[in-house]
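Trainee: The structure's right below; bear with me while I get my questions together.
Since every read-out is calculated from the coordinates, none of them should be taken as a lab result. Being a predicted model, the structure only gives us computed values, none of them experimental. Cβ: placed from backbone, ideal geometry, glycine included. Neighbour counts: every protein chain shown.
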Amino acid sequence: SQQGEEDPQALSIQEGENATMNCSYKTSINNLQWYRQNSGRGLVHLILIRSNEREKHSGRLRVTLDTSKKSSSLLITASRAADTASYFCATDAGYSSASKIIFGSGTRLSIRP
Amino acid sequence: GAVVSQHPSWVICKSGTSVKIECRSLDFQATTMFWYRQFPKQSLMLMATSNEGSKATYEQGVEKDKFLINHASLTLSTLTVTSAHPEDSSFYICSAIRDTFEQPQHFGDGTRLSIL
């Protein structure tokens, strides 16, 4: 089963604009991760944020986490054509096996030139 | 570092045949590997967790006899889809970690399986 939902399911923006994706989850977590998947490929890890963190940055990426609302957001600034991909959040869902994660439903991002 | 290779990347075969997919950690030893299944435009669903030297742990609803997983070494796990049928057609992705508490997982590039 999926831990949560992502919003929007699909997003199309102009190159140079910012893209924001949201992730909601259901159970308590130790950490939340964001991954990118190019069409027909495996996943690339983008960023991990721990439950005691509220915001994290990595290059053009900014991730926020609100554990009280059980939600996270991924912001990609100054989007590029190469950012076109599907983006998934993933949580450990409080598993006793700390390495096991559950993915959200994903957001398909398209960057228009 | 932390490169995971998956082979083959694409396989087409007739209904009733068995297909083996390999997942290798190229530059690290993986105590745990995960197998996921992904349908078009959907998310990844965890099928099983594979620990080196022990039996795989399957998620609820995943048929153990249909999806055989072997993790015989610290660098190789295999998924065999036995007596494959068209409904088994999907994108299968593996991931690997060095130890139980490592995050993130390191993913292979996936295998697209098409059963005719």
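Trainee: Going through segment B:7-42 one residue at a time, which ones are in a strand (DSSP E or B) and over 22 Å from B:Pro86 (Cβ atoms)? Before you say what the answer is, go through the steps one by one.
Mentor: To start, the set of residues in segment B:7-42 that are in a strand (DSSP E or B) comprises B:7, B:10-13, B:19-25, B:32-38.
Listed by number, the residues that qualify are B:His7, B:Glu22, B:Cys23, B:Arg24, B:Ser25, B:Thr32, B:Met33, B:Phe34.
Trainee: Still on this structure, I have one more. Which one is surrounded by the most Cβ atoms within 10 Å (Cβ to Cβ), of the residues in segment B:54-70 that are farther than 18 Å from B:Thr100 by Cα and of a type in the set (A, V, I, L, M)?
Mentor: This residue is B:Ile69.
Trainee: Which one of these does B:Asp27 not meet: (1) of a type in the set (D, E, K, R); (2) within 13 Å of another protein chain (Cβ to nearest Cβ); (3) over 30 Å from A:Arg108 (Cα atoms)?
Mentor: If we test B:Asp27 against (1) of a type in the set (D, E, K, R); (2) within 13 Å of another protein chain (Cβ to nearest Cβ); (3) over 30 Å from A:Arg108 (Cα atoms), just (2) comes out false.
Trainee: All but one of (1) farther than 22 Å from B:Thr32 by Cβ; (2) within 13 Å of another protein chain (Cβ to nearest Cβ); (3) touching a residue at least 12 places away in the same chain (Cβ under 8 Å) hold for A:Trp34; state the number of the condition that does not hold.
Mentor: (1)
Trainee: Sticking with this one: Can you confirm whether segment B:58-78 contains a residue that is without any contact (Cβ under 8 Å) to a residue 60 or more places away in the chain, within 11 Å of chain A (Cβ to nearest Cβ), within 12 Å of the chain's Cα centre (by Cα) and within 30 Å of A:Pro8 (Cβ to Cβ)?
Mentor: Initial filter on segment B:58-78 (without any contact (Cβ under 8 Å) to a residue 60 or more places away in the chain): B:58-78.
From what is left, the residues that are within 11 Å of chain A (Cβ to nearest Cβ) are B:59-61.
Imposing the further condition that a residue be within 12 Å of the chain's Cα centre (by Cα) reduces the set to none.
No, the conditions are met nowhere in segment B:58-78.
Trainee: Output the residues belonging to segment B:90-116 that are more than 14 Å from every other protein chain (Cβ to nearest Cβ) and within 17 Å of B:Lys20 (Cβ to Cβ). Give the derivation first.
Mentor: Narrowing segment B:90-116 to residues more than 14 Å from every other protein chain (Cβ to nearest Cβ): B:115-116.
Listed by number, the list holds a single entry, B:Ile115.
Trainee: Exactly one condition in (1) touching a residue at least 40 places away in the same chain (Cβ under 8 Å); (2) under 30 Å from B:Thr57 (Cα atoms) is not met by A:Lys100; state its number.
Mentor: All conditions are met except number (1).
Trainee: So if I check each of A:Ala10, A:Ala19, which one is hydrophobic (A, V, I, L, M, F, W, C) and surrounded by fewer than 16 Cβ atoms within 10 Å (Cβ to Cβ)? Working first, answer last.
Mentor: On the way: A:Ala19 fails: surrounded by fewer than 16 Cβ atoms within 10 Å (Cβ to Cβ).
The conditions single out A:Ala10.
Trainee: Could I ask something else about it? With (1) within 24 Å of B:Tyr58 (Cβ to Cβ); (2) facing chain B (nearest Cβ under 10 Å); (3) among the hydrophobic types (A, V, I, L, M, F, W, C) as the list, and A:Ile29 as the residue in question, which single condition is left unmet?
Mentor: The number of the failed condition is (2).
Trainee: Can B:Gln38 be described as out of contact with any Lys or Arg (no Cβ under 7 Å at 6 or more places or on another chain) and farther than 24 Å from B:Phe101 by Cβ?
Mentor: On the way: out of contact with any Lys or Arg (no Cβ under 7 Å at 6 or more places or on another chain): yes; farther than 24 Å from B:Phe101 by Cβ: yes.
Against the criterion (out of contact with any Lys or Arg (no Cβ under 7 Å at 6 or more places or on another chain) and farther than 24 Å from B:Phe101 by Cβ), B:Gln38 qualifies.
Trainee: Does B:His106 satisfy the criteria of being over 12 Å from the mean Cα position of the chain (by Cα) and buried (at least 22 other Cβ atoms within 10 Å of the Cβ)?
Mentor: Here the answer is yes, as B:His106 does meet what is asked.
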